[in-house]
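Visitor: Pasting a structure here, questions to come.
The values are calculated or read from the model by the stated rules, or taken from the named source; none is laboratory data. Not measured: the values here are computed from a predicted model. Cβ placement follows ideal geometry from the backbone for every residue including glycine, while neighbour counts extend to all protein chains displayed. Remember, those area values only see protein heavy atoms, side chains included, never the ligands or the DNA or RNA. Shrake-Rupley method; radii C 1.70, N 1.55, O 1.52, S 1.80 Å.
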Amino acid sequence: MVTDEKATKPIPKRNSLPFLGSTLDFARDPLAFLTRLQQQHDRLVQFNAVGRLITLTLTPEDAKYVLQENNKNYVKSAAYDVLKMFLGNGLLNSEGDFWRRQRRLAQPAFHKQRLALLVDGMNRETAELIDRWKNRNPAEPLLVSEEMMQLALAVVTRSLFSSDVKNHFENVSESITTIIQTAYKEIFNFFPFTRNWPTPRTIRYRRAVRKTEAIIYEIIEQRRREPPETRHDDLLGMLMETRDEDTGEQMTNQQLRDEVTTIFMAGHETTANALSWAFYLLAKHPEITENVREEINRVLGPTNLPTIATLRELTYTTQVIQETLRLYPPAWIIGRQPLHSDQFGDYRVEVPGADGLLICPYLLHRDPRYWEKPAAFHPEHFSPEQVKLRPTYAYLPFGGGPRLCIGNNFAMMEMQIVLTLLIREFDFRTIDQKIIEPEPGITLRPKGGLRLQVQVRPKAEWAAS
Ligand code: HEM
């Protein structure tokens with residue numbers, strides 16, 4: 001692909017209303033709208049929404065081109081501004097040299113070796129949940145989606161701050177929930193200037209941000225006062241320790257605040273939704289659940305907790321998680337803004353003119369050109385043989401290129417631990433075979449929440465599986 005001016009074919013455009021364009025279709029049911037476009041087009045299609053001309057890319061090659069090969073021509077799209085209100089200049093929304101430096105500083109904290117230090121905390125948080133679930137009335141359906149949200153929040157909080165935050169946890173969790181709910185609503189707010197108005201929503205939001213910020217700053221200050229030899233084996237400790245290779249500089253309190261809040265946000269809602277979808281799919285597929293249990297029994301037996309070494313042996317369970325992320329990718333859409341015109345084969349995306357460019361993992365993950373059974377829950381899609389046959393960017397739950405999710409190993413580890421421990425102890429069943437639809441917002445949630453019947457498994461069944 002080259003970026004000279006030998007444009008040829010016009011990019012297909014979707015006909016839509018003169019002023020509103022496809023805004024209503026897109027806002028009403030984005031997945032149905034985008035799926036229709038995918039069925040009608042092969043590579044690229046443009047439509048107008050919210051007064052902007054959006055280009056939807058439909059192939060793994062173009063996803064790779066935008067995210068990796070020509071990533072310098074693309075910055076994060078305007079949708080990320082909503083997150084900026086809270087996340088400041090953290091990794092998720094910063095750009096250029098500042099982003100590059102922060103990414104270099106943060107990367108060591110996410111190396112597999114350092115992540116191994118967090119396994120114990122993940123096991124402990126899950127064990128606390130198991131105790132709680134064992135002491136509840138099993139006849140009552142359980143709101144699994146909310147339970148996963150609280151668990152993932154507890155895991156990321158412990159991973160960031162070890163035990164320092166236990167006393168503040170209630171406050172943080174409540175404030176983070178307010179912040180996320182506001183961000184959700186703001187995504188579809190077509191009048192972004194109202195964000196600065198003192199409405200009850202923005203007042204509640206600002207209060208929550210101030211409260212969370214105060215707690216984070218307090219912990220940072222407390223650690224700065226400690227003797228230099230004091231070590232904290234958690235993400236904040238690692239972020240405070242790391243130094244720029246060239247200048248020797250460390251992160252300022254403001255930068256730490258922005259990265260910590262970014263990890264908070266990016267690191268729990270995504271994982272929580274993926275886990276909810278995994279339990280939903282397993283509840284609907286008892287035969288796959290049995291295969292998972294057989295593997296858990298072989299690798300861990302009835303009581304051992306997972307370790308970094310045993311997690312590696314849980315290959316089928318990992319395929320189940322990968323397949324869940326295929327069908328329900330929490331980051332279902334990735335937006336970019338082209339800086340200059342760009343050439344995609346015979347097509348040219350013109351700047352100015354074209355605003356947003358979309359890469360849609362949800363569509364690529366269900367494209368029959370790359371998947372044997374696109375609509376089925378089929379963990380064999382991730383057998384080494386099948387993986388080899390596919391273009392790499394046909395599957396991109398964690399994005400790709402330099403902006404690849406920094407927490408991908410963290411997330412995989414957490415999902416493996418939670419899934420194995422809970423599937424070993426409990427049976428999950430859907431209520432009246434209910435079908436749960438995905439609801440796309442910042443992440444892909446189970447619409448209306450996920451309620452399941454959750455029963456403790458008799459010990460005898462463990463031995464038999
Ligand atoms: C299943 C769970 C997760 C999914 C599906 C996911 C997905 C993604 C995707 C697609 C991106 C790239 C966005 C883009 O290119 O515009 C991203 C970025 C990011 N994620 Fe995740 N994520 C997950 C879990 C986590 C966790 C657990 C953490 C932290 C503990 C995390 C931290 C981040 C950060 C900091 C970035 C920005 C990286 C950068 O631009 O340098 N994520 N994530």
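Visitor: Going from most exposed to least, what order do His340, His378 have by accessible area with a 1.4 Å probe? Don't skip to the end; give the middle numbers.
Guide: Values: His340 120, His378 25 Å².
So, going from the largest accessible area down, we get His340, His378.
Visitor: Moving to a separate point now. Placing unit charges on C-beta atoms (Lys and Arg positive, Asp and Glu negative, everything else neutral), compute the dipole magnitude of the chain about its Cα centre in debye, rounded to 20. Before the final figure, lay out each step's value.
Guide: On the way: 59 positive and 58 negative charges, 165 e Å.
Magnitude of the dipole: close to 800 debye.
Visitor: Got a number for carbon plus sulfur as a percent of the chain's accessible area, 1.4 Å probe? Walk me through the numbers on the way to the answer.
Guide: Details: 11410 of 21400 Å².
Carbon with sulfur: 53 percent of the solvent-accessible area.
Visitor: Could you work out the relative contact order of the stretch 22-461? I mean the mean sequence separation of Cα pairs under 8 Å and 6+ apart, divided by the number of residues, in percent.
Guide: Numbers: 574 pairs, mean separation 118.0, N = 440.
Over the stretch 22-461, the number comes to 27 percent.
Visitor: Karplus couplings for the stretch 336-346 from phi (6.51 cos²θ - 1.76 cosθ + 1.60, θ = phi - 60°), rounded to Hz, Gly and Pro as x?
Guide: 3J(HN,Hα) across the stretch 336-346, in whole Hz: 9, 10, x, 7, 10, 4, 9, 9, 10, x, 7.
Visitor: Determine the calculated [θ] at 222 nm for the chain from helices alone, applying -39500 (n - 2.57) to every DSSP H run no shorter than 4 residues and normalising by the residue count; nearest 500 deg cm²/dmol.
Guide: Details: 20 runs with 227 residues, N = 465.
My calculation for the chain gives -15000 deg cm²/dmol from helical runs alone.
Visitor: Here is a further query. Hey, can you grab everything whose amide H is under 5 Å from the amide H of Val351? Only 5+ residues off in sequence or another chain; H modelled, so Pro and N-termini drop out.
Guide: Residues meeting the amide H criterion: Ser341, Asp342.
Visitor: Could you give the semi-axes, largest first, of the ellipsoid that matches the stretch 15-54, computed as the square roots of 5 times the alpha carbon gyration tensor eigenvalues and rounded to whole Å?
Guide: Values: eigenvalues 55, 29, 11 Å².
With the √(5λ) rule applied to the stretch 15-54, the semi-axes are 17, 12, 8 Å.
Visitor: Can you compute the equivalent ellipsoid semi-axes for the stretch 345-465, i.e. the square root of 5 times each eigenvalue of the Cα gyration tensor, sorted largest first and rounded to whole Å? Could the numbers behind the result be given before it?
Guide: Numbers: eigenvalues 250, 71, 51 Å².
Working from the Cα gyration tensor, I get semi-axes of 35, 19, 16 Å.
Visitor: How would you order 84-90, 240-246, 419-425 from highest to lowest mean count of nearby Cβ atoms within 10 Å?
Guide: Values: 84-90: 20.0, 240-246: 12.4, 419-425: 21.6.
So the order, starting with the most tightly packed, is 419-425, 84-90, 240-246.
Visitor: If packing is taken as the mean number of other Cβ atoms within 10 Å per residue, what is the order of 151-159, 48-56, highest first? If you can, show how the numbers build up before the last one.
Guide: On the way: 151-159: 24.6, 48-56: 19.3.
Top to bottom by mean Cβ count within 10 Å: 151-159, 48-56.
Visitor: Given H placed on each backbone N at 1.01 Å, which residues far from Arg445 in sequence or on other chains put an amide H within less than 5 Å of it?
Guide: Those qualifying (amide H under 5 Å, at least 5 residues apart or on another chain) are Glu439.
Visitor: Also, quick follow-up: Sticking to Cα atoms, compute the Rg of the chain to one decimal and its Dmax as the biggest Cα-Cα distance, whole number, in Å.
Guide: In order Rg, Dmax, the Cα atoms of the chain give 22.6, 70 Å.
Visitor: Something else: Give me the 1.4 Å probe accessible area per residue for the stretch 344-465, excluding ligands and nucleic acids, in Å². Don't jump to the answer; show the numbers that get you there.
Guide: Numbers: 5230 Å² over 122 residues.
In whole numbers, the stretch 344-465 has 43 Å² accessible per residue.
Visitor: Then there's this: What trypsin sites (Lys or Arg not before Pro) does the stretch 319-368 have in DSSP loop regions with at most 16 other beta carbons within 10 Å?
Guide: Within the stretch 319-368, no trypsin sites (Lys or Arg not before Pro) qualify (loop, at most 16 other Cβ atoms within 10 Å).
Visitor: How large is the accessible surface of Lys9 in square angstrom, using a 1.4 angstrom probe and rounding to the nearest 10?
Guide: Spelled out: Lys9, probe radius 1.4 Å, area about 100 Å².
Visitor: Please report the accessible area of Tyr370 (heavy atoms, 1.4 Å probe, ligands and nucleic acids excluded) in Å², nearest 10.
Guide: Surface accessible to solvent at Tyr370 totals approximately 40 Å².
Visitor: Moving on. What translational diffusion coefficient, in µm²/s and rounded to a whole number, does the Stokes-Einstein relation yield for the stretch 180-281 at 20 °C and a viscosity of 1.002 mPa s, taking the hydrodynamic radius as the Kirkwood radius over Cα pairs? Mind dumping the intermediate values first?
Guide: Details: Rh = 16.6 Å.
The Stokes-Einstein estimate is 129 µm²/s.
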